[in-house]
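These notes concern the structure reproduced below.
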Amino acid sequence: DKYIGTNPFDWVGDETSLGLGMAMYDLMGKTANVPVYKLFGQRYRRLVPVGCWTVSTNPQHMAQTVKQYAADGYTWLKYHLSPFENVIDQLTAMQEVAPKGFRVMFDLTMGGTTDHIPELLEKMAEFPISGAFEDPMNERNIEGYIELRKRSPLPILLHHAPLGHTFEVL
């Protein structure tokens, strides 16, 4: 209610609601008849990578998903790996239909172990469509993550942190 009837410029830097804060910047740009970036300074880039999410399924459906999302303008696809699907078969099918520059982020949801994950990630990283790995093993396995970082040419993202903090705190 506190936003209703107010000037969007009254809410510059407001952190009460990040969602509404973004909407306020959109309104400010519309009010000033300028792109939102001009409220902050010069343009740094024209393209912002846009990601989407899907579920793990059979390779043919994964390929269809890549085609559909790429046609919709997405440049990244994230999904949680499933023990019921072969990720190499999925990657092969997705790679065949992906446009140049399209990438996949694989969320392993801390389901991996040190006895097979390094080799699996190395195989997956060979595909040009592979972009990043999220939570490939338990967050408290510091030595395992050190080894993965040494071996992986792709970024390894941690959704969870060894100290129980989130990225916002770190």
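At-a-glance table
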read-out: Residue list for segment 34-56, filter: among the aliphatic types (A, V, I, L, M) and either on the phi > 0 side of the Ramachandran plot or open to solvent by 90 Å² or more (accessible area, probe 1.4 Å) (or both); value: Leu47
read-out: Filter pass, Gly29 being at positive phi and either modelled with pLDDT of 85 or more or in a loop (DSSP other than H, G, I, E, B) (or both); value: no
read-out: Segment 72-94 residues that are without any contact (Cβ under 8 Å) to a residue 60 or more places away in the chain and under 20 Å from Pro155 (Cα atoms), paired with ones that are among the aromatic types (Phe, Trp, Tyr) and outside any loop (DSSP other than H, G, I, E, B) (beta carbon under 8 Å, 6 or more apart); value: Leu77/Trp53; Leu77/Tyr69; Lys78/Trp53; Lys78/Phe106; Tyr79/Trp53; Tyr79/Phe106; Leu81/Phe106; Val87/Phe106
read-out: Enumeration of residues in segment 1-10 that are open to solvent by less than 90 Å² (accessible area, probe 1.4 Å) and under 15 Å from Gly29 (Cα atoms); value: Asn7, Pro8, Phe9
read-out: Conditions (1) at pLDDT 90 or above; (2) surrounded by fewer than 14 Cβ atoms within 10 Å (Cβ to Cβ); (3) of a type in the set (Phe, Trp, Tyr); number of the one not met by Phe102; value: (2)
read-out: Set Met94, Met105: member being assigned to a helix (DSSP H, G or I) and under 15 Å from Val55 (Cα atoms); value: Met94
read-out: Answer residue from segment 80-99, given it is loosely packed, with under 14 Cβ neighbours inside 10 Å and in contact with a helix residue (DSSP H, G or I) (Cβ under 6 Å, 6 or more places away or on another chain) and is nearest to Thr57 (Cα to Cα) among those; value: Asp89
read-out: Meets criteria (free of Cβ contacts under 8 Å to residues at least 12 places away in the same chain, of a type in the set (Gly, Ala, Ser) and either surrounded by 13 or more Cβ atoms within 10 Å (Cβ to Cβ) or in a helix (DSSP H, G or I) (or both)) for Gly13; value: no
read-out: Of all residues making up segment 133-163, the number that are open to solvent by 50 Å² or more (accessible area, probe 1.4 Å), touching a Leu at 6+ places or on another chain (Cβ under 9 Å) and modelled with pLDDT of 85 or more; value: 1
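Residues are listed down the side, and each one gets a yes or a no for (1) touching a helix residue (DSSP H, G or I) at 6+ places or on another chain (Cβ under 6 Å); (2) open to solvent by 30 Å² or more (accessible area, probe 1.4 Å); (3) at positive phi; (4) at pLDDT 95 or above:
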residue: Asn58; (1), (2), (3), (4): no, yes, no, yes
residue: Asp72; (1), (2), (3), (4): no, yes, no, no
residue: Thr75; (1), (2), (3), (4): no, yes, no, no
residue: Lys78; (1), (2), (3), (4): no, yes, no, yes
residue: Met110; (1), (2), (3), (4): no, yes, yes, no
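The values are calculated or read from the model by the stated rules, or taken from the named source; none is laboratory data. The structure presented is a predicted model; accordingly, all values stated were derived computationally and were not measured. Glycine also receives a Cβ, built like all others from the backbone with ideal geometry; neighbour counts cover every protein chain displayed. With ligands, DNA and RNA removed, areas are computed over all heavy atoms of the protein, side chains included. Shrake-Rupley method; radii C 1.70, N 1.55, O 1.52, S 1.80 Å.
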